[in-house]
Amino acid sequence: MSEIAAHLLAWYDQNARQLPWRSDISPYRTWVSEIMLQQTQVETVIPYFERFTRRFPDLASLAQASQAEVLQAWEGLGYYSRARNLHKCAQLLCAQYDCQLPADLDALQKLPGIGRYTAGAIASIAFGIPAPALDANIRRVLSRLLELRDPVGSPAGEKILWDAAGHFLSRERQGDHNQALMELGALVCKPKAPECPRCPLQSECLAYAHGSQSELPVRKPKPAVPHYTVTAAVIQRGDQVLIAQRPQGGLLGGLWEFPGGKLENTDPDLPACLRREIREELGAEISVGEALGMYKHAYTHFRITLHAFACALLPGQNAPESQTVRWVRPEELPAFAMGKVDRLIARRLQA
């Protein structure tokens, strides 16, 4: 075992957090946790993981569930393509692998929603395969350890980091080694103000030796984040309200929403935008009434300000129900998985 691996694992044995996916390790639980942890902090994931694995305790139960059930269990965690891929992957595994995750790195990488990092994490943690893993925390630790000046995410930087992750990897405790690097990045080698005096790799860290730890990792400049103004129609008919299901392939695919869309340059105002969107989406004409609220939300690559309005179908107009368009009572809305903003509107209607 290398000196770096020995120091790292000794630190991990003393400092590892007690997390639900570590206390009861299985390929299924490791896979679910790693998917949930993509772009999401540990503290946020814990209650979702516990609820999700109680509802779907194994691959078979997840595969047999409907997509709507899976999205509802996932609601609030964001990045919903993860949930759709998790469900799709479970169905594929039960059809082709007897409801088991394959103990093979290449086979894992071919599954929906599993990339190089997630495959390495599952292979090493659940199966003891000597596979490196490289998430944001590990990239930061290794960038400082090597004093890497190539930007993370660049082809040159990624090659160096993957090679280093494989070179330093313990051959006796592969899974613990990868988790220790993640833990070190989360608890000590933080993005800002790294706590170098507490670091078990301080004596091996080139950035610490040269005082450059706060300058690393080097990142490529981020493009400006666009902002969009969006409208939503709360169309009511008696004691019912209209909701529509978003297309499966796009943003928030498969979730339910109050229909509407983005303000265009050709729209003279927000009500005109909403009338146009409902005409295009539902083939119906509406009247736009009072404003029901303004909601701000940030997605991965853009931000929105959404304006919700009370609306009604004009006389003679209709929006017939289908698999993707439903009239429901406000008290029924919790049964339909929604994104964060639409859920806030739904709760206002239920108040």
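The values are calculated or read from the model by the stated rules, or taken from the named source; none is laboratory data. Just so it is clear, the model here is predicted, and its values are computed rather than measured. Cβ sites come from the backbone with ideal geometry, for glycine too, and all protein chains shown count toward neighbours.
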Would a scan of the stretch 92-99 turn up a residue that is within 21 Å of L255 (Cβ to Cβ) and assigned by TED's automatic domain parsing to the domain that holds I46?
no
Please verify whether L333 is under 30 Å from the mean Cα position of the chain (by Cα), in a loop (DSSP other than H, G, I, E, B), closer than 20 Å to G76 by Cβ and in contact (Cβ under 8 Å) with a residue 40 or more places away in the chain, treating the condition exactly as stated.
no
Does V230 satisfy being at pLDDT 95 or above and within 30 Å of G153 (Cβ to Cβ)?
yes
Would you confirm whether any residue within the stretch 198-214 is in contact (Cβ under 8 Å) with a residue 24 or more places away in the chain and within 28 Å of the chain's Cα centre (by Cα)?
no
Within the stretch 193-242, can you find the residues that are among the polar types (S, T, N, Q) and loosely packed, with under 12 Cβ neighbours inside 10 Å?
S203
Of L252, L274, L263, the only residue that is closer than 17 Å to I345 by Cβ, among the aliphatic types (A, V, I, L, M) and in contact with a strand residue (DSSP E or B) (Cβ under 7 Å, 6 or more places away or on another chain) is L274
Test for A164: is it buried (at least 18 other Cβ atoms within 10 Å of the Cβ) and either of a type in the set (V, I, T) or closer than 30 Å to H87 by Cα (or both)
no
Would you check if E264 is under 31 Å from the mean Cα position of the chain (by Cα) and buried (at least 20 other Cβ atoms within 10 Å of the Cβ)?
no
Of the residues in the stretch 267-286 that are surrounded by fewer than 16 Cβ atoms within 10 Å (Cβ to Cβ) and over 33 Å from the mean Cα position of the chain (by Cα), the one that is farthest from A308 (Cα to Cα) is G283
Condition first: under 19 Å from A337 (Cα atoms) and either among the aliphatic types (A, V, I, L, M) or not assigned by TED's automatic domain parsing to the domain that holds M338 (or both). Now tell me which residues in the stretch 229-245 satisfy that.
A232, A233, V234, I235, V241, L242, I243, A244
Given (1) in contact (Cβ under 8 Å) with a residue 40 or more places away in the chain; (2) surrounded by 16 or more Cβ atoms within 10 Å (Cβ to Cβ), number of the condition K88 does not satisfy
(1)
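For every residue, the table says whether it meets (1) surrounded by 18 or more Cβ atoms within 10 Å (Cβ to Cβ); (2) out of contact with any Lys or Arg (no Cβ under 7 Å at 6 or more places or on another chain); (3) assigned by TED's automatic domain parsing to the domain that holds L187.
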| position | (1), (2), (3) |
| --- | --- |
| L19 | no, yes, yes |
| R29 | yes, yes, yes |
| V32 | yes, yes, yes |
| F49 | yes, yes, yes |
| R55 | no, yes, yes |
| Q64 | no, yes, yes |
| A73 | yes, no, yes |
Please specify each residue of the stretch 123-177 satisfying the condition of being in a helix (DSSP H, G or I), among the polar types (S, T, N, Q) and over 26 Å from D104 (Cβ atoms).
S143
Mind listing just one residue for me: the one in the stretch 273-323 that is of a type in the set (S, T, Y) and in contact with a His (Cβ under 9 Å, 6 or more places away or on another chain) and, of those, farthest from I243 (Cα to Cα)?
T305
Would you please name the residue that is nearest to Q240 (Cα to Cα), looking only at residues in the stretch 336-351 that are part of a loop (DSSP other than H, G, I, E, B) and modelled with pLDDT of 95 or more?
F336
Is there a residue being touching a helix residue (DSSP H, G or I) at 6+ places or on another chain (Cβ under 9 Å), at pLDDT 95 or above, assigned to a loop (DSSP other than H, G, I, E, B) and surrounded by 21 or more Cβ atoms within 10 Å (Cβ to Cβ) anywhere in the stretch 2-14?
no
Which of the residues belonging to the stretch 309-330 are in a loop (DSSP other than H, G, I, E, B) and surrounded by 19 or more Cβ atoms within 10 Å (Cβ to Cβ)?
A319
Going through the stretch 178-197 one residue at a time, which ones are assigned to a helix (DSSP H, G or I) and in contact (Cβ under 8 Å) with a residue 24 or more places away in the chain?
N178, Q179, A180, L181, M182, E183, L184, G185, A186, L187
